[in-house]
């Protein structure tokens, strides 16, 4: 009784002060242990979830870029090390395959009124995760530079190349940049482009790879053409390497992650003029297709299976508090939120344009991760001119087939 | 030392080695003989923020039953060792059957992931090891002959590359060779070639990695040789001088033979270390042009969300095998010397 009085007083104080560090989420007891990736939008969610901590409710968060490597072992333990795993389109797959997360329908019914239907990741009728933000790669361009040279914002790769060509002739040595570092980044670029062609990665209903076709070759040729307009160091570029080059004003066109857009134009950007003229558009389309060449990703959370029902309930409610519409306050520009009440800011232009252009989601297949690795390891030789596109695709297929056989997806 | 005393002293270390080295290796070997169970896939309707689609997913419950019955997975024997990602017997057979000349055979074998990594690993080992020994010896000779006052600071600075964590050391060099970095920009100016990039060309990447390897390991050889130099018998050196030996002859005929066992020791350590080359590949983001066996293991375990344990285990055992083959000549030589002495 006494506790309730305190809670009411505190809630009143909270409303009065419009956002204190302490909130009552109505959780009686339990332990909430969050494992998540490490970027500003997730910090905002975790910080809010942590407000649910009280004398009887413990909330801890481990924010690490290594999250996807520790999530499976951590959730396999019984009881699991973490009660909440914040995941993305690809990292949920191993959790589902190993049956490590629990269906959330019961919790949604009781405490999930705030959720939009589009936030629910429903698999075979059961809600397994709650998404709260979207991400995708798209075009970054310098408004002032394009205007100066009379170039329209490129909507297709042909237009992008024409623009790059024009800039190069006008003295921009390397007008274009993209995440071409072999491994995860390079593979993501291939997947973006290939999704844009509308072709499928695998033969229907099986794990047999189907990218060795004309579209696969067209994608590789496009990637190679991109390298002609990129600094010779392109083979070592990831998001972190690209940012300073853009900020130094050496590049006028770039394909990069939407989640970085806020940094490029934010208050901390080193060169105000460059930041202010940085604008975003949908990923260019390829060939005759009208689909932006970008994979759409969502970030969301799951609740571990191997924990007590009490902890699961506490975790769900803490996360509901974490992603309540109030989280948007002051964090609007940190992500493309899928939460009710989100008003897109300028930083969201690119991802919103991708969504509008009906870009495709990153495939949520159990064997896509193996293809991602095989692509990341086998495309750089072609880009560097040491082997043919056909050979590169054959190498990808060989590497993928071997890995998928070992993982039990192929015979 | 009587065998009994020897055993009494060695058993704690022996126990630790069995527990923490031998048994894990046996377990890795066991794992390398298995692959995942055949995945039971089901098609289900998946909905999310970007719409609904019919997607394939793993039937987790059925898989749990399979794993319960056979926790290690499906037995394949040496199947993982011979598949396309490792020794690639089938692919090599086909390459020999369908290639027209030696150049094509070489190129096609070099395109297989394991052999690509093996070639770089061997090149790194056999180029860096001798250079480390020669450079370390040269530094030791120089430091030994400079005035006492300067010795301390010089030794400290010579040791720096070894004190720096490999990953940090490689990152520092990596930024210096960037086309905006001091070395990269200087080289571009020197050869007046604005497209020169140490990071882009495979050959230059290899050379960069070799240079880094020598830079990083030479201090180790230097320390060992410098310690050895302090024990070179002065009377032998003096009698050589009386005999009219030049400085070079004294080094060649007195110091080098005297320090030979140390060179063997350094060679042994360096062969082992260099065969496991890994950090510089990460630090220099060099995976596009250079992969090593250790990198392959890392990639199997870390690149994908679900690690390929069998594949990584097979590469690990092949690496151990490689180290043993590399060390055999040196070990045999040591064994013979040991027998001669006793």
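Which of A:117, A:212 has the fewest other C-beta atoms within 10 Å, and how do the rest follow up to the most?
Fewest to most other Cβ atoms nearby, the residues stand as A:117, A:212.
Tell me, what is the FRET efficiency for residue A:29 and residue A:272 to the nearest 0.05, using R0 = 51 angstrom and their Cβ-Cβ distance as r?
So the FRET efficiency works out to roughly 0.55.
When the expected Rg is taken as 2.2 N^0.38 Å, what fraction or multiple of it is the alpha-carbon Rg of the range B:210-342?
Normalised by 2.2 N^0.38 Å, the Cα Rg of the range B:210-342 equals 1.47.
Looking at chain A from every direction and averaging, what is the projected area of its Cα convex hull in nm²?
21.1 nm²
May I ask for log10 I(q)/I(0) of chain B at q = 0.09, 0.11, 0.15 Å⁻¹, from a Debye sum over the Cα atoms as equal point scatterers with solvent left out?
Values, matching the q order: -0.74, -1.01, -1.38.
May I ask you to derive the relative contact order of the range A:189-249, considering only C-alpha pairs under 8 Å and at least 6 residues apart, and to give it as an integer percent?
It comes to 25 percent, rounded to a whole number.
Volume per residue, Å³, of the convex hull around the alpha-carbon atoms of the range A:256-348?
So the per-residue Cα hull volume is 154 Å³.
What nm distance separates the two modelled labels at residue A:358 and residue A:208, each placed 7 Å from Cα along Cα→Cβ?
2.9 nm
Divide by every residue of chain B the summed helix terms, -39500 (n - 2.57) for each DSSP H run of at least 4, and state the resulting mean residue ellipticity at 222 nm, rounded to the nearest 500 deg cm²/dmol.
After summing the helix terms and dividing by the residues of chain B, the value is -22000 deg cm²/dmol.
Measuring from label point to label point, each 7 Å out along Cα→Cβ, what is the residue B:183 to residue B:104 span in nm?
Between residue B:183 and residue B:104, the label points sit 4.0 nm apart.
Gain in length, residue B:42 to residue B:6, computed as 0.36 nm per residue apart minus the alpha-carbon separation, to one decimal in nm?
6.8 nm
Sort A:67, A:149, B:37 so the one with the fewest other Cβ atoms within 10 Å of its own Cβ comes first.
Result, fewest neighbours first: A:149, B:37, A:67.
Normalised by the number of residues in chain B, what is the relative contact order in percent for Cα pairs under 8 Å and 6+ residues apart?
This gives 21 percent for chain B.
Starting from the Cα-Cα distance between residue B:89 and residue B:269, subtract it from 0.36 nm times their residue separation and give me the gain in nm to one decimal.
In short, 61.6 nm is gained.
What's the exposure ranking of A:194, B:115, going from fewest to most Cβ atoms within 10 Å?
Lowest to highest Cβ neighbour count: B:115, A:194.
Using the Cα atoms of the range B:9-99, I'd like the radius of gyration and the largest Cα-Cα distance, Dmax, both in angstrom.
That works out to 21.3, 69 Å for Rg and Dmax.
Within the range A:152-178, name every residue whose backbone N is under 16 Å away from a label modeled 7 Å from Cα of residue A:248 along the Cβ vector.
Counting backbone N atoms under 16 Å from the label point, the list is A:172-178.
Determine how many Å³ per residue the convex hull of the Cα atoms of the range A:42-95 encloses.
80 Å³
How large is log10 of I(q)/I(0) for the range B:10-168 at q = 0.16 Å⁻¹ when the intensity is taken from the Debye formula with one equal scatterer per alpha-carbon?
Taking Cα atoms of the range B:10-168 as identical point scatterers yields -1.11.
With Rg and the Kirkwood Rh both taken from Cα atoms, where does Rg over Rh land for the range B:91-211?
A ratio of 1.12.
Order of B:304-310, A:352-358 by packing, highest average Cβ count within 10 Å first?
Ranking, from highest mean packing down: B:304-310, A:352-358.
Radius of gyration and Dmax for the range A:272-411's Cα atoms, expressed in Å?
20.8, 58
Bin width 10 Å, alpha-carbon pairs only: give the P(r) of the range A:93-140 as whole percents, running from 0 to the bin holding the largest distance.
Spelled out per bin, shortest first, that is 22, 46, 23, 8, 1.
Per residue of B:51-61, what is the mean number of Cβ atoms on other protein chains within 10 angstrom of that residue's Cβ?
Averaged over the peptide's residues, the number is 6.
I'd like the mean, over residues of A:394-406, of how many other protein chain beta carbons sit within 10 Å of each residue's own Cβ.
For peptide A:394-406, the averaged partner shielding equals 5.
Roughly speaking, what is the centre-to-centre gap between the range A:47-125 and the range B:297-324 when only Cα atoms are used, to the nearest Å?
Centre-to-centre distance over Cα atoms comes out at 30 Å.
Tell me the Kirkwood radius of the protein assembly as shown: reciprocal of the mean inverse pair distance over distinct alpha-carbon atoms, in Å.
Roughly 29.3 Å, rounded to one decimal.
Tell me the mean residue ellipticity at 222 nm calculated for chain A from its helices only (DSSP H runs of n ≥ 4, each -39500 (n - 2.57), averaged over every residue, nearest 500).
Estimated from H runs of four or more residues: -12500 deg cm²/dmol.
Just counting partner chain Cβ atoms within 10 Å, what average do the residues of peptide B:106-117 show around their Cβ?
Counting other chains' Cβ atoms within 10 Å and averaging over B:106-117 gives 2.
When only C-alpha pairs under 8 Å and at least 6 residues apart count, what is the relative contact order of chain A, in percent?
This gives 26 percent for chain A.
Between residue B:96 and residue B:252, what is the label-point separation in nm under the 7 Å Cα-to-beta-carbon projection?
A separation of 4.5 nm, rounded to one decimal place.
Since every read-out is calculated from the coordinates, none of them should be taken as a lab result. Model, not experiment: these values are computed from the prediction. Counting neighbours? That spans all protein chains shown, and the Cβs are built from the backbone with ideal geometry, glycine included.
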